[in-house]
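Please treat every number below as a calculation from the coordinates, not as lab data. Computed from a prediction, not measured in an experiment: that's the story for all the values here. Heads up, the Cβs are rebuilt from the backbone with ideal geometry, glycines too, and the neighbour counts pull from every protein chain shown.
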Amino acid sequence: MRQVYKGLRALAYRPLLRTYTMTHSSISSQQAIDSGVQANSKRYWDTIHHTCDKWGATPDGGMNRLALNDDDKSVRNWFIDEVKSLGCKVTVDSMGNIFAVRPGTNNSLAPVGMGSHLDTQPRGGRYDGIAGVQAGLEVLRTLHDNNIQTYAPVAVVNWTNEEGARFPKAMVSSGVWSGSIPQKDAYALEDINNPGVTFVGELERIGFKGDTSASYEAVPLSAHFELHIEQGPILEAENIRVGVVSGVQGMRWYDAEIVGFDAHTGTTPMNRRRDALVATSEMVLAIEETANAHNGLGTVGVINSSPQSTNTIPGQVSFSIDVRHTAEDKLDALEKDLFAKLDAIAKKRNVQFSYNEKWHSRQLNFHPDIVGSLQASADALGYSSLSIQSGAGHDSCYTSKRVPTGMLFIPCKDGVSHNPAEYSSPEALADGVQTLFGAVLRYDELLRSRA
């Protein structure tokens, strides 16, 4: 079957939409590769925008589909109906994660998973996370349309509250599944805008607190693939069609506080002040300078000073510190150098400085089998590609603790994300879903060869 398009864009899509002529007999993953079966990229694009228009769209073209709100409930119900129509078995675990599993030839194997998230930021876009789940759905649809019988089962996973925008712990449900975050801590999370409204309470309210334990043991996977927009400018700037993600950089977050002394601005000489805000300002510059010196990243995203009076010298400031690096040992060195400098600034300014690490994610490398499958698929399609490291955290960070995992990036306009202006073109999405489809088929054949 071939889709028909109007206009010049049709020429770009035509070679991507060739599908295998469906027969009564099934074909294997290798036969699908050899026959050039490809996903329906037009259907993929339309599905993204159909579901965004119906559930969570904002007037500026963005999205506000916070985890476990009514729009999230509706799109989850739609997703379950869609995968059931394809013959999938659906499991909802105790964190609300949805696992849609299409049977394979050897169903004693755990499924080959494709996962991401359907929740968004309050002023988010239509592609972050959503593109990954809908790409997985398109792979299932293509397997179904072409009667492809995979060796292993194949699954799509919708991970709950990846963004952490409503319940403030990002990637929390994949974290519970991997055994990295206690479920009781996740259940106790409160809505940042409605204290007292809990994560578990909203799971129950929308009917998505499943009976199956949220655990890699109760709901196992053989692998986890994740398609995602890059959320950065590199692929677009270098005119690269897909990024094969090698791993994720190390990340550490700190809460910091400076205590000086409140005093009158009109009666306290400049050389006798213990100004917490001036000390903070010098530290912010030191964070930037130290990150640059170590070829890492350093950011202060939150600053709160007290007592917030025009004619009072600030005596207390709390602020955030975010440092990142592509190598764990280099992140250690950046951290050591940074806090030595910040301590020296505090001593010079005669203020008290304290900090504590509130979250960290170690630098990780994705599994060579998944990376290799993605690269082989991109190469077979003739796509330009780049080995790239993710600067942001994703559900794949947690799945990689338990199963072979990898990610595929597609370009997004100007690298913008977490913004209504977030955009990935039809061509970029088509490249992504074709590469993902080919990679899953290749990994399935790898499992068959090792049986």
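Remarks
- Evaluated over the Cα positions of the stretch 394-438, the convex hull gives a direction-averaged projected area, one quarter of its surface, of 3.9 nm².
- Proximal lysines to K347, defined as alpha-carbon separation beneath 21 angstrom and excluding residues fewer than eight positions away on the same chain: K336
- Here T312 and A344 are evaluated by their C-beta separation; at R0 = 30 Å the FRET efficiency comes out at 0.70.
- Straight-distance crosslink candidates among lysines, where the alpha carbon sits under 27 Å from K42 and sequence neighbours closer than 8 are dropped: K6, K54, K73, K84, K89, K413
- Helices that extend 30 Å or more along their long axis by alpha-carbon positions and average at least -1.0 on the Kyte-Doolittle scale are, among the DSSP H runs of the chain, 328-349, 426-449.
- Alpha carbon convex hull of the stretch 42-89, volume per residue in cubic angstrom: 77
- Each label point was placed 7 Å from the Cα along the Cα-to-Cβ direction; for E282 and D46 their separation is 6.4 nm.
- Rounded to the nearest Hz, the phi-derived 3J(HN,Hα) couplings of the stretch 204-209 under the Karplus curve 6.51 cos²θ - 1.76 cosθ + 1.60 (θ = phi - 60°) are 5, 4, 8, x, 10, 9, where x marks glycine and proline.
- Sequence-distant lysines (8 or more away, or on other chains) whose Cα lies within less than 27 Å of K341: K330, K358
- Peptides 257-269, 210-222 ranked from most to least packed, by the mean per-residue count of other Cβ atoms within 10 Å: 210-222, 257-269.
- Euclidean distance between Cα centres, the stretch 269-307 to the stretch 64-131, Å: 42
- With contacts taken as Cα pairs under 8 Å and at least 6 residues apart, the stretch 250-361 reaches a relative contact order of 45 percent.
- Taking the helices alone, the chain has a mean residue ellipticity at 222 nm of -11000 deg cm²/dmol, built from -39,500 (n - 2.57) per DSSP H run of at least 4 residues and averaged over all its residues.
- Percentage of interatomic Cα-Cα distances in the chain larger than 35 Å: 35
- Relative contact order (%) - criterion: Cα under 8 Å, at least six apart; region: the chain: 21
- Summary of packing: across the peptides 387-396, 132-141, the per-residue average of other C-beta atoms within 10 Å ranks them, highest first, as 132-141, 387-396.
- Only Lys, Arg (+1) and Asp, Glu (-1) charged, at Cβ; the stretch 205-317 dipole about Cα centre in debye: 340
- The Cα trace of the stretch 250-361 gives Rg and Dmax of 14.8, 49 Å, the first to one decimal, the second as a whole number.
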